[in-house]
Amino acid sequence: MRLGYDRRRIAWFGTLLKLAKTFEAQERLTAPELARLRQQRLERLLAHARERSAFWRERIPAGATSLERVPPLDKAEMMARYDDLVTDPRLRRDELLGWSDSRRRDEFYEGRYRVMTTSGSSGRKGLFVYDRAGWSGIGAQWLRASGWMGMTPGIPRRRLAMLRGASLTHMSTQGAASLNVGVHRVAGISVTAPIEEQVAALNRFQPQFLNAYPSAAMRLAEEQEAGRLRLSLTAMSTSSELRSPAMTERLAAAFGVQPFDVYATTEGLFGAECERHEGIHLFDDANVVENVDEDGAPVPPGTPGARVLVTNLHNLVQPIIRLAVADVMTIHPEPCPCGRALMRAAALDGRRDDVLSLPARGGGTVAVLPAHFSVVTRDRGVREFQVRQEPGGVRILVVPCHDGDPELATRLRGAVARALGEAGADARVEVECCSELARRAGKLQVVVGLS
């Protein structure tokens, strides 16, 4: 037992629980009331960042109360200027990265910070540090999302299973450790563990609630349908990968519950479907969310953006202000019938890097979204798949559910070719069956563009 570590986790959980109650009260605020609250938090963040960070002092005009004249930030620049960006001079990029690489168990840096790294689809490493207040903002957003699914504290304690990333520095791993303080019973299971071990652990634990990547959840659905996995869930959610309508239908049929879609970023922006399942509410009372085009100009609701600029209103030790997240998002033009005034995403079409430029009929190129490959998930012979762009077309790597389906490759080749043709593409399609697909920190990169 590590008394200092355990006491710190409990104390931090108490802080985020208080903030979660505040978030719950904010859900029924009107849009103007939310805007005023967001403005107050933004002004506090801008003043703090300009006072304590040499980097932000260069970029935030004196007396600024809006983001209008603050340039957007990308991950490469954040990492290059990391030591100047943070507000605690004891935090140094290379020391933090070295410490995180050497860890063998969950712990706090210098007894006061949570340290996370990301690689993302680009392969560029990102480093994110949270103090107690900032991590409370993350945890409170998760508790809001889980509360919408019905997972509120109770007696006996609720049982939550999280198929998490394999890395100790992944947000899902540290999130599971943060929640496992006695309020819920939490089982963190590595998504890279053999499927037999995952099934055995889940059967022993018998969770009421399950969270997993969509690709991992589909593998579990196959085990549930085969009778090897025997779960009776109250609710489930998926996050961090695209989930097609066909995947949603199959998960609902296998587990008997309608899966919730959760949006989560290490940068600090979270969101979740409400009970209506009509789009993801973005938690823009804890963040400023800007949906912009390739040139950084705002796009109106109903129009897909090229990326999202995220300003985390709770992280004061590593101010995240207008950081570009390469998600292709469409904001819903109408409020949700549930009555919440939180911003709502009508569509999340993957990351900008996942949008392929393929040859078009009649010349030129056409943009193809990951959603165009959802026809693959409709085939019950597919366990999981990955799209790899090649000159002139795509190669679909497929892990079959069962051996001995000689028509699978031909069937998928035809289905994908038709879907791409409907999108205006004239591209070669190859299908290759394989035994497994490579993952990064447990997450499957569904679309891999040309290098």
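The values are calculated or read from the model by the stated rules, or taken from the named source; none is laboratory data. Just so it is clear, the structure is predicted and the values come from calculations on it, not from any experiment. In this analysis, Cβ positions are derived from the backbone assuming ideal geometry, glycine residues included, and neighbour counts consider all displayed protein chains. Please note that ligands, DNA and RNA were not included when accessible areas were found on the heavy atoms of the full protein model with its side chains. Shrake-Rupley method; radii C 1.70, N 1.55, O 1.52, S 1.80 Å.
Look through segment 20-59, keep the residues that are in a helix (DSSP H, G or I), of a type in the set (Gly, Ala, Ser) and touching a Pro at 6+ places or on another chain (Cβ under 9 Å), and return whichever of them is least open to solvent (accessible area, probe 1.4 Å).
ALA49
Of all the helices (runs of 4 or more DSSP H) wholly in segment 92-199, which have at least 3 residues that are modelled with pLDDT of 90 or more?
93-102, 132-148
Could you please let me know if VAL292 is of a type in the set (Val, Ile, Thr), more than 17 Å from the chain's Cα centre (by Cα) and open to solvent by 10 Å² or more (accessible area, probe 1.4 Å)?
No.
What about ARG144, is it surrounded by 15 or more Cβ atoms within 10 Å (Cβ to Cβ) and either more than 20 Å from VAL308 (Cβ to Cβ) or of a type in the set (A, V, I, L, M, F, W, C) (or both)?
no
Do we find that LEU202 is assigned to a helix (DSSP H, G or I), in contact with a strand residue (DSSP E or B) (Cβ under 7 Å, 6 or more places away or on another chain), open to solvent by less than 10 Å² (accessible area, probe 1.4 Å) and at pLDDT 90 or above in this structure?
It is true that LEU202 is assigned to a helix (DSSP H, G or I), in contact with a strand residue (DSSP E or B) (Cβ under 7 Å, 6 or more places away or on another chain), open to solvent by less than 10 Å² (accessible area, probe 1.4 Å) and at pLDDT 90 or above.
Take the conditions more than 24 Å from ARG219 (Cα to Cα), open to solvent by 30 Å² or more (accessible area, probe 1.4 Å) and not aromatic (Phe, Trp, Tyr) and apply them to ASP426. Does it pass?
Yes.
If I filter segment 335-352 for residues that are surrounded by fewer than 21 Cβ atoms within 10 Å (Cβ to Cβ), of a type in the set (Lys, Arg) and under 24 Å from ARG36 (Cα atoms), do I get at least one hit?
yes
Could you list all residues from segment 146-162 that are touching a residue at least 60 places away in the same chain (Cβ under 8 Å), of a type in the set (A, V, I, L, M, F, W, C), in contact with a Leu (Cβ under 9 Å, 6 or more places away or on another chain) and under 18 Å from PRO214 (Cβ atoms)?
none
Could you list, in sequence order, the residues of segment 60-87 that are modelled with pLDDT of 95 or more, in contact with a strand residue (DSSP E or B) (Cβ under 8 Å, 6 or more places away or on another chain) and outside any helix (DSSP H, G or I)?
Within segment 60-87, LEU67, PRO72, LEU73, VAL86 meet the criteria.
Among the residues of segment 309-319, is there at least one that is under 23 Å from PHE128 (Cβ atoms) and hydroxyl-bearing (Ser, Thr, Tyr)?
yes
In the list THR248, THR238, which residue meets the criterion of being in contact (Cβ under 8 Å) with a residue 24 or more places away in the chain and hydroxyl-bearing (Ser, Thr, Tyr)?
Being in contact (Cβ under 8 Å) with a residue 24 or more places away in the chain and hydroxyl-bearing (Ser, Thr, Tyr) holds for just one of THR248, THR238, which is THR238.
Checking PRO337 against (1) closer than 30 Å to GLU275 by Cβ; (2) modelled with pLDDT of 85 or more; (3) touching a Leu at 6+ places or on another chain (Cβ under 9 Å), which test does it fail?
(3)
Out of all the residues in segment 423-437, which are closer than 23 Å to ASP349 by Cβ and either in contact (Cβ under 8 Å) with a residue 40 or more places away in the chain or within 26 Å of the chain's Cα centre (by Cα) (or both)?
ALA423, GLY424, ALA425, ASP426, ALA427, LEU437
Which one of the conditions (1) closer than 30 Å to PRO71 by Cβ; (2) touching a helix residue (DSSP H, G or I) at 6+ places or on another chain (Cβ under 6 Å) does ARG250 fail to meet, given that it meets all the rest?
Here ARG250 clears every test but (1).
List pairs: first in segment 404-416 and within 17 Å of ARG388 (Cβ to Cβ), second modelled with pLDDT of 90 or more, Cβ under 6 Å, 6+ apart or cross-chain?
From residues that are within 17 Å of ARG388 (Cβ to Cβ), the pairs are ALA409/VAL431; LEU412/VAL431; ARG413/VAL429; ARG413/VAL431; VAL416/VAL429.
Which residues, counting only those in segment 163-182, are open to solvent by 40 Å² or more (accessible area, probe 1.4 Å) and either of a type in the set (A, V, I, L, M) or touching a Leu at 6+ places or on another chain (Cβ under 7 Å) (or both)?
Across segment 163-182, the qualifying residues are ALA166, LEU168.
For segment 249-260, give me each residue that is surrounded by fewer than 20 Cβ atoms within 10 Å (Cβ to Cβ) and either in contact with a strand residue (DSSP E or B) (Cβ under 6 Å, 6 or more places away or on another chain) or under 19 Å from VAL447 (Cβ atoms) (or both).
Scanning segment 249-260 gives a single hit, VAL257.
Here's the yes/no breakdown for (1) crowded, with 19+ Cβ neighbours inside 10 Å; (2) in contact with a strand residue (DSSP E or B) (Cβ under 9 Å, 6 or more places away or on another chain):
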site: ALA226; (1), (2): no, no
site: SER232; (1), (2): no, no
site: LEU242; (1), (2): yes, yes
site: VAL262; (1), (2): yes, yes
site: ASN287; (1), (2): yes, yes
site: PRO298; (1), (2): no, yes
site: VAL308; (1), (2): yes, yes
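I need a count of the residues in segment 212-255 that are more than 23 Å from the chain's Cα centre (by Cα) and of a type in the set (A, V, I, L, M).
Residues that pass the stated criteria total 5.
Within segment 382-408, which residues are out of contact with any helix residue (DSSP H, G or I) (no Cβ under 7 Å at 6 or more places or on another chain), more than 23 Å from GLY364 (Cβ to Cβ) and either modelled with pLDDT of 90 or more or assigned to a loop (DSSP other than H, G, I, E, B) (or both)?
LEU397, HIS402, ASP403, GLY404, ASP405, PRO406, GLU407, LEU408 - these are the residues of segment 382-408 that are out of contact with any helix residue (DSSP H, G or I) (no Cβ under 7 Å at 6 or more places or on another chain), more than 23 Å from GLY364 (Cβ to Cβ) and either modelled with pLDDT of 90 or more or assigned to a loop (DSSP other than H, G, I, E, B) (or both).
Is there any pair linking a residue in segment 179-203 that is over 24 Å from GLU107 (Cα atoms) and in contact (Cβ under 8 Å) with a residue 40 or more places away in the chain to one that is open to solvent by 40 Å² or more (accessible area, probe 1.4 Å) and assigned to a loop (DSSP other than H, G, I, E, B), with Cβ under 9 Å and at least six apart or on different chains, and which?
Sorted first by the residue in segment 179-203, then by its partner, the pairs are LEU202/ARG230.
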